[in-house]
Each structure stands twice: as C-alpha cells, then as structure tokens.
Amino acid sequence: MKLRENNRQALVSAIRILEKGGIIAYPTETFYALGVKFDLPGSLQNLYEIKKRPREKALPLIIGDRRMIGLVAAPVSKKTLSLMDRFWPGPLTLLLTAKENLSEYLTAGTHTVAVRIPGRSFALDLAQAVDFPITATSANISGMPPAQDAATVVRYFGDTIDLVVDGGKTPGGNPSTIADVTGKDFQILREGAIEKEVLYGFVGESGN
C-alpha cells in the first residue's frame, strides 16, 4: 500500500492487521521496521522466525504516549522522565525494567524492555493511533542491511508479511541511541542519532 496515496487508509489497514495478530512493515524516521502487537506470543514468535533473529536478542517497542509504559515496564524514575521530556518523540531508546511476566520475546530473559516514542514519521502516526505498544525491530533478515524502501522489504520477506506500508525511501542514517536507565548509573549501550556527549551533558545538567 502506497502511504503517500492514502495515509488514513494505511493506518486503518495496519491497525486491523496488528489487532488480528498479523505482521506489518512500516517506515520509521530512519529505516523500515517490522511490527506486531506486543502481547501476542504467536505473532512475536512468527516475527523471530521470519527474521531468523537469535533468541538472545530482544524485540524493541514503540509507543505513542508514555502513559503506555505501564503496560510493559515498572514505574520509572524522575531521571528517566526528564529524558523522555527532552528527547521523545525522537531517536532515543530507553532500556527500562520490564513489567513482571512480560513476554521473553520482548526481554530475551534480561528482565528489561527497550522502548521509545519515534520521531516524526508513519511510525509515530501509527503508535499514536493505537492503545498498545508495537514492535519496532528492523525490517531485515538478521545479518542483512536494514531495509530503506518497500521493495527491499518485499525482497527479504515476500508474502510472509501481511502488509507493507510503502512510504517511499526512508532517510536512513544512524539508528536510535540506546540508554540503560534501569540502574543507579546512566549508561549508553549504543551511540546512534543522539550523540553520547549530548545525553551525558543533559543528565549532568539536570542533576540526575
């Protein structure tokens, strides 16, 4: 489905498929991602299988509103809230303490879960249109380059995906920066679109 032709219809179709347990591919502010509803174990398992993703690698999530955090994570600190205020929506993924009994497909047994509100993109529109978190793992077979256009998504996955939302070529660039806020000390696990100096500087200035 061409996003530029009918954004509203693309959202309606994507939401319907997610709610029924299907897998969608959708454009983010960097690359294409694969989405399923966060609380459907069969869909999460299918996602791992089509990506050939190692089970020790958890699946990150996007949300449209930080009030959804309570669905997947324990209450967060003031430090974490200040980071959300400053950098969400945007390319900052926060590693949070997972809610008890959250699927191991989302935690990989680490008792943590990776969450962000994406920057301006179809991904943000989608996340804000539903009342549940959505997976946001890159649309690629594990070990292959992330897909930057719908044609590459189709080449990777064929008809194993229920819907590909075609938003044209995405900007690419650096992935989101990943920061661990589960412990006493703030840690950057992957430097991406937000430079580590910016984050450490903000944490220091805010007194957290």
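Rule-based calculations on the coordinates, nothing more; no lab input. Just so we're clear, the structure is a prediction, and the values are computed from it rather than from any experiment. Glycine also receives a Cβ, built like all others from the backbone with ideal geometry; neighbour counts cover every protein chain displayed.
Mean residue ellipticity, 222 nm, helices only, the chain: the sum of -39500 (n - 2.57) across DSSP H runs of n ≥ 4, divided by residue count and rounded to 500, is -8500 deg cm²/dmol. Using a Förster radius of 30 Å, what is the FRET efficiency between Asp65 and Thr160 based on their Cβ-Cβ separation? Nearest 0.05, please. Once rounded, the FRET efficiency stands at 0.50.
With each label modelled as a point 7 angstrom along the Cα→C-beta vector, the Gln128-Ala193 pair spans 1.5 nm. In whole angstrom, the range 31-113 maps to an equivalent ellipsoid with semi-axes of 23, 15, 11, each derived as √(5λ) from the alpha carbon gyration tensor and ordered largest first. When the trypsin sites (Lys or Arg not before Pro) in the range 82-178 are filtered for DSSP coil states and for at most 16 other beta-carbon atoms within 10 Å of their beta-carbon, the remaining sites are Arg120, Lys169. In the range 3-205, the inverse of the mean reciprocal separation of distinct Cα atoms equals 16.9 Å; this is its Kirkwood hydrodynamic radius.
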